[in-house]
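Chemist: Pasting in a structure now, in C-alpha cells, and then I'll have a few things to ask.
The values are calculated or read from the model by the stated rules, or taken from the named source; none is laboratory data. Here the structure is a predicted model, which means the values were calculated and not measured. As a convention, Cβ positions derive from the backbone with ideal geometry for all residues, glycine included, and neighbour counts pool all protein chains shown. The area values use the complete protein model at the heavy-atom level, side chains included, leaving out ligands, DNA and RNA. Shrake-Rupley method; radii C 1.70, N 1.55, O 1.52, S 1.80 Å.
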Amino acid sequence: MTPQIIRTKAELRALVNGWKRAGERVGVVPTMGALHEGHLSLVQAAQDACDRVIVTIFVNPKQFNNPSDLDSYPRTEEDDARKLARFDVDVVYVPGVDQVYPEGFATTVSVSGLTDVLCGAHRPGHFDGVATVVTKLFTQTGADQAFFGEKDFQQLQVVKRLAADLDIPVEVIGCPTIREEDGLAMSSRNLLISDRARIKAPALHEALSEMAAGLRAGGTATDLRQKAEAKILAAGFTEVEYLDLRACDDLSLLDTPSREARLLVAAWLAGVRLIDNIAV
Ligand code: AMP
C-alpha cells in the first residue's frame, strides 16, 4: 500500500506521540528522495528492527554548497512513494522548508574535527547543513533508531558524533553500500551521469578495490595512491578530489591499515561528483 504522506511537524508529532505511548519502537530513514535500492535497503533494515518506520524526504538547501547542484538535484516524489509501497512504511515525512527552517531560524549544528577533511574540506558548509538538518529530523521524528548508509561514510561518523554529543536518544545504525552490477555505488546523482560517461563510472570502484588489495598485501597508501588515481583518470574522470586511507573512528589519515580503516574517494565524471569508500 502506498504509505501516508505527512507534510507538517505537528501532524507527525501527534502520530509519533501515539506510537510512543503504545511502547512502539520508531525507526527513521532520512533521505533526499530520488530513491534507489540503496535507500530501500535502509528502509528494509528499519522495518526489520522497528515497529514503526518513517522515511523522510527533504532536499536540504543548507547542505548544498553549490546552488546549481541544488537546482539540478532530482526530485521524484510520486515515484518515491510508489517504490515505498512494497515496504511496511508508516509515514513518508515530506516537510516544506518552512517546517524545518521557519522564519528567523538561526541555529547551526557544527561538528568539529571529523568535518575538516575529505568532503568537508572540499564542500564548505556541507556538513554543517547535514548536521543541522539531521538534528532537526531526529527531534521532529523522535525516532529510537536511525538508519544511514556507509556509502556516505564521513556523514555516518558525523551523525553518530552529533547524536552522542547532544544526548539525542537515538541509536544511529550504519548499513552497507548497495551497488549496481558493475560495482558503481548507487546514488541519486547517478541519474545525472550521461550514458556515455556512465560506461566509465565503474573504474572508481575498481581502482578502490585494487588499492585495498594492495594495502592488504602490505603496500602503503603513498605508494599505491598514484596508480589508483591514474586508473581513475585514464578511465575518463576529470579530477580526483581525494583518495585517502583513513581510520574509521576519527578519520585520521593513515599510510597502512594499522587500525580499522577505510579507503575513501571523491572524483568528478563529466560534471558529476561521485564518492565511494570501502573497508580495508
Ligand atoms: P541521500 O538521499 O543521498 O541523502 O541518502 C539518504 C541515505 O541513503 C543516506 O544515509 C545515504 O548514506 C544512504 N545511501 C545512499 N546511497 C546508498 C547506497 N548505495 N547504499 C546504501 N545506502 C545508501
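Chemist: Report yes if some residue within the stretch 101-117 is within 15 Å of the ligand (Cβ to nearest atom) and assigned by TED's automatic domain parsing to the domain that holds Ala163; otherwise report no. It would help to see each step written out before you state the result.
Modeler: Step one: list which residues in the stretch 101-117 are within 15 Å of the ligand (Cβ to nearest atom), which gives none.
Among the residues of the stretch 101-117, not one is within 15 Å of the ligand (Cβ to nearest atom) and assigned by TED's automatic domain parsing to the domain that holds Ala163, which makes the answer no.
Chemist: Taking the stated definitions as given, is Glu206 in contact with a helix residue (DSSP H, G or I) (Cβ under 8 Å, 6 or more places away or on another chain), in contact (Cβ under 8 Å) with a residue 24 or more places away in the chain and among the acidic types (Asp, Glu)?
Modeler: Numbers: in contact with a helix residue (DSSP H, G or I) (Cβ under 8 Å, 6 or more places away or on another chain): yes; in contact (Cβ under 8 Å) with a residue 24 or more places away in the chain: yes; among the acidic types (Asp, Glu): yes.
Taking the combined requirement at face value, the residue satisfies it.
Chemist: Scanning the stretch 136-164 for residues that are within 15 Å of the ligand (Cβ to nearest atom) and of a type in the set (S, T, N, Q), which turns out most open to solvent (accessible area, probe 1.4 Å)?
Modeler: Here the answer is Gln155.
Chemist: Would you mind listing the helices (runs of 4 or more DSSP H) fully within the stretch 1-114 where at least 2 residues are within 25 Å of Pro176 (Cβ to Cβ) and open to solvent by less than 60 Å² (accessible area, probe 1.4 Å)? Quick ask: steps written out before the conclusion?
Modeler: On the way: elements: 9-21, 37-49, 67-72, 77-84, 97-100.
So the answer is 37-49, 77-84.
Chemist: Being in a loop (DSSP other than H, G, I, E, B), away from the ligand (no atom under 14 Å from the Cβ) and not β-branched (Val, Ile, Thr) is the filter; apply it to the stretch 171-201 and report the residue that is surrounded by the most Cβ atoms within 10 Å (Cβ to Cβ).
Modeler: Looking at residues that are in a loop (DSSP other than H, G, I, E, B), away from the ligand (no atom under 14 Å from the Cβ) and not β-branched (Val, Ile, Thr), I get Lys200.
Chemist: Going by what's in this entry, would Asp276 be described as of a type in the set (Asp, Glu) and within 28 Å of Lys160 (Cβ to Cβ)? Quick ask: steps written out before the conclusion?
Modeler: Details: of a type in the set (Asp, Glu): yes; within 28 Å of Lys160 (Cβ to Cβ): yes.
The answer is yes for Asp276.
Chemist: If I go through the stretch 149-173 residue by residue, how many of them are within 24 Å of Pro74 (Cα to Cα) and in contact with a strand residue (DSSP E or B) (Cβ under 6 Å, 6 or more places away or on another chain)?
Modeler: To start, the set of residues in the stretch 149-173 that are within 24 Å of Pro74 (Cα to Cα) comprises 149-156, 159.
Next, only the ones that are in contact with a strand residue (DSSP E or B) (Cβ under 6 Å, 6 or more places away or on another chain) stay: 149-151, 153, 156, 159.
Count: 6.
Chemist: Which of (1) within 16 Å of the ligand (Cβ to nearest atom); (2) crowded, with 20+ Cβ neighbours inside 10 Å does Ala207 not meet, given it meets every other one?
Modeler: The single condition Ala207 does not satisfy is (1).
Chemist: Arg7 - would you say it is of a type in the set (Lys, Arg), in contact (Cβ under 8 Å) with a residue 40 or more places away in the chain and more than 20 Å from Asn190 (Cβ to Cβ)?
Modeler: Numbers: of a type in the set (Lys, Arg): yes; in contact (Cβ under 8 Å) with a residue 40 or more places away in the chain: yes; more than 20 Å from Asn190 (Cβ to Cβ): yes.
Yes.
Chemist: Pairs, please: C-beta under 8 Å, at least 6 apart or cross-chain, first residue in a helix (DSSP H, G or I) and in the stretch 115-144, second open to solvent by less than 40 Å² (accessible area, probe 1.4 Å) and of a type in the set (D, E, K, R)?
Modeler: Leu118/Asp244; Leu118/Arg246; His122/Glu241
Residues checked against (1) in contact with a Pro (Cβ under 8 Å, 6 or more places away or on another chain); (2) at pLDDT below 95; (3) small (Gly, Ala, Ser):
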{"site": "Tyr93", "(1), (2), (3)": "no, no, no"}
{"site": "Val111", "(1), (2), (3)": "no, no, no"}
{"site": "Asp128", "(1), (2), (3)": "no, no, no"}
{"site": "Gly142", "(1), (2), (3)": "no, no, yes"}
{"site": "Gln145", "(1), (2), (3)": "no, no, no"}
{"site": "Glu150", "(1), (2), (3)": "yes, no, no"}
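Chemist: Within the stretch 217-230, track down each residue that is open to solvent by 50 Å² or more (accessible area, probe 1.4 Å) and in contact with a Leu (Cβ under 9 Å, 6 or more places away or on another chain). Walk me through how you get there before you give the answer.
Modeler: Here is the first cut: in the stretch 217-230, the residues open to solvent by 50 Å² or more (accessible area, probe 1.4 Å) are 217-218, 222-223, 225-227, 230.
Passing the criteria: only Arg225.
Chemist: Do we find that Ala212 is part of a helix (DSSP H, G or I), within 30 Å of Arg13 (Cα to Cα) and over 12 Å from the mean Cα position of the chain (by Cα) in this structure?
Modeler: It is false that Ala212 is part of a helix (DSSP H, G or I), within 30 Å of Arg13 (Cα to Cα) and over 12 Å from the mean Cα position of the chain (by Cα).
Chemist: Across the stretch 16-37, which residue is nearest to the chain's Cα centre (by Cα) among those that are away from the ligand (no atom under 16 Å from the Cβ) and within 25 Å of Val130 (Cα to Cα)?
Modeler: Initial filter on the stretch 16-37 (away from the ligand (no atom under 16 Å from the Cβ)): 16-26.
When the remaining residues are screened for being within 25 Å of Val130 (Cα to Cα), the result is 16, 25-26.
Numbers: Val16: 24, Arg25: 23, Val26: 20 Å.
Here the residue is Val26.
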